[in-house]
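Report on the following structure.
The values are calculated or read from the model by the stated rules, or taken from the named source; none is laboratory data. For clarity, every value in this text was computed on a predicted model and none was experimentally measured. We place every Cβ from the backbone using ideal geometry, glycine too, and count neighbours over all the protein chains shown.
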DNA sequence: GTCTATAAATGGATAGAC
DNA sequence: GTCTATCCATTTATAGAC
């Protein structure tokens, strides 16, 4: 997902994120990870005693990734439209090669089975993302660059939900669904 | 999901749909169903020898539901806008009470683990739904009632993906997410 | 159609040696 | 940090009696 893993713990998290995006949280096991790393299940339990410990670590990894992404996008000082375009381009990298979805979407699918600590983390991550997109939309509207009705938070819902959903659909119907969705979203706001 | 179940087989399918919407396909077991019905697992296996047999039956139930819903909506002869509103109102019934999502969304989440027969069925169901919404959007645009750019198939993606995604978010962030999404979608097309 | 019984595999988890 | 060994519960699935 981002950096090269150095130690075992980071390797496990990186692999966990990959399984999360391809199979889902409840559909991967310590055995899957241990097989891939060539070590035993017990070794994984040494780093993450319970699966929910790994789950929390995955949430933290996503949070770190969000923070880096959003900080960088803000620092680039590009227009709101370009910033949104880059955000979507980065989402699109999930699709290349294997069929991956957003890790946050995957966690949402299993939400009814997750412990409260994970639930709270997911809720925060969702809000963080919506807030960032709403901020960009508002900035673009004030600059006369983007056009939409109502509150930017509600338009942010349309943008984020469509993009995340398109990643899911792309696994079944092909990558074109994602690019078509992005094109439609952006063209509708350019007026 | 719709009719009152008469025989065991229909009871199992009805319960299966409920578990599909609340826990996901890979996250419910024959034990869950048998406990709920007060019979043994072996009895469930009598009706559906393998879990994928039940999975196919669930897809067929969704297909039947789609067909009834779309036929009725077309038969009502209401305006495109009213038809879309009714479609979304019916999706909203998932949200009331317990936290359910669209059964098709649930199946999509587990797509990488499903047998080919289920994969093909899901693909067809998705396409059927997008086609119906695209048809309504096109009709509304021709009547001068709805306004959007580009092809109606692409706009249908925005509508369907946003609504399905909103159901997922509503489980975490509350029902308001869904009504806000619907409001934003419709107001953006009323111009 | 439903039951008991059972099989074989998998999943999460722990104890203790190296 | 990693291993062997083991535990217990669950899951899918089958055989055969009632």
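Just to verify a result, which residue in the range B:13-33, among those that are within 14 Å of another protein chain (Cβ to nearest Cβ) and more than 19 Å from the chain's Cα centre (by Cα), is nearest to DNA strand C (Cβ to nearest atom)? Here the answer is B:29. For the range A:44-62, which residues satisfy the criterion of being more than 7 Å from DNA strand C (Cβ to nearest atom) and either surrounded by 15 or more Cβ atoms within 10 Å (Cβ to Cβ) or not in a helix (DSSP H, G or I) (or both)? The answer is A:44, A:47, A:48, A:54, A:55, A:56, A:57, A:58, A:59, A:61, A:62. Whenever a residue of the range A:41-62 is more than 14 Å from chain B (Cβ to nearest Cβ) and farther than 30 Å from residue A:90 by Cβ, it has no partner that is away from DNA strand D (no atom under 16 Å from the Cβ) and at pLDDT below 95 lying with C-beta atoms less than 7 angstrom away and at least six residues away or across chains. Tally the residues that are farther than 19 Å from residue B:87 by Cβ and within 10 Å of chain A (Cβ to nearest Cβ), restricting the search to the range B:121-156. Going through the range B:121-156 one residue at a time, the tally reaches 5.
Listed here are the residues, each with its yes/no results for (1) within 16 Å of DNA strand C (Cβ to nearest atom); (2) surrounded by 19 or more Cβ atoms within 10 Å (Cβ to Cβ); (3) within 14 Å of chain B (Cβ to nearest Cβ).
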| position | (1), (2), (3) |
| --- | --- |
| A:7 | no, no, no |
| A:11 | no, no, no |
| A:35 | yes, no, no |
| A:64 | no, no, no |
| A:70 | no, yes, no |
| A:92 | no, no, no |
| A:98 | no, no, yes |
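Taking the condition surrounded by 19 or more Cβ atoms within 10 Å (Cβ to Cβ), closer than 28 Å to residue B:176 by Cα and touching a residue at least 60 places away in the same chain (Cβ under 8 Å), does residue B:114 pass? Against the criterion (surrounded by 19 or more Cβ atoms within 10 Å (Cβ to Cβ), closer than 28 Å to residue B:176 by Cα and touching a residue at least 60 places away in the same chain (Cβ under 8 Å)), residue B:114 does not qualify.
For the range A:77-90, indicate whether the set of residues that are within 16 Å of DNA strand D (Cβ to nearest atom) and either in contact with a strand residue (DSSP E or B) (Cβ under 8 Å, 6 or more places away or on another chain) or within 14 Å of chain B (Cβ to nearest Cβ) (or both) is non-empty. Within the range A:77-90 (the criterion being within 16 Å of DNA strand D (Cβ to nearest atom) and either in contact with a strand residue (DSSP E or B) (Cβ under 8 Å, 6 or more places away or on another chain) or within 14 Å of chain B (Cβ to nearest Cβ) (or both)), the answer is no, since none of the residues qualifies. The residues in the range A:132-146 that are surrounded by fewer than 16 Cβ atoms within 10 Å (Cβ to Cβ), in contact (Cβ under 8 Å) with a residue 24 or more places away in the chain and not in a loop (DSSP other than H, G, I, E, B) can be counted, and the count is 0. Taking the range B:147-178 as the range and being surrounded by fewer than 16 Cβ atoms within 10 Å (Cβ to Cβ) and in a helix (DSSP H, G or I) as the test, only B:176 passes. Among the residues of the range B:92-128, those that are closer than 17 Å to residue A:110 by Cα and either touching a strand residue (DSSP E or B) at 6+ places or on another chain (Cβ under 9 Å) or in a helix (DSSP H, G or I) (or both) comprise B:103, B:104, B:105, B:106, B:107, B:108, B:109, B:111, B:112, B:113.
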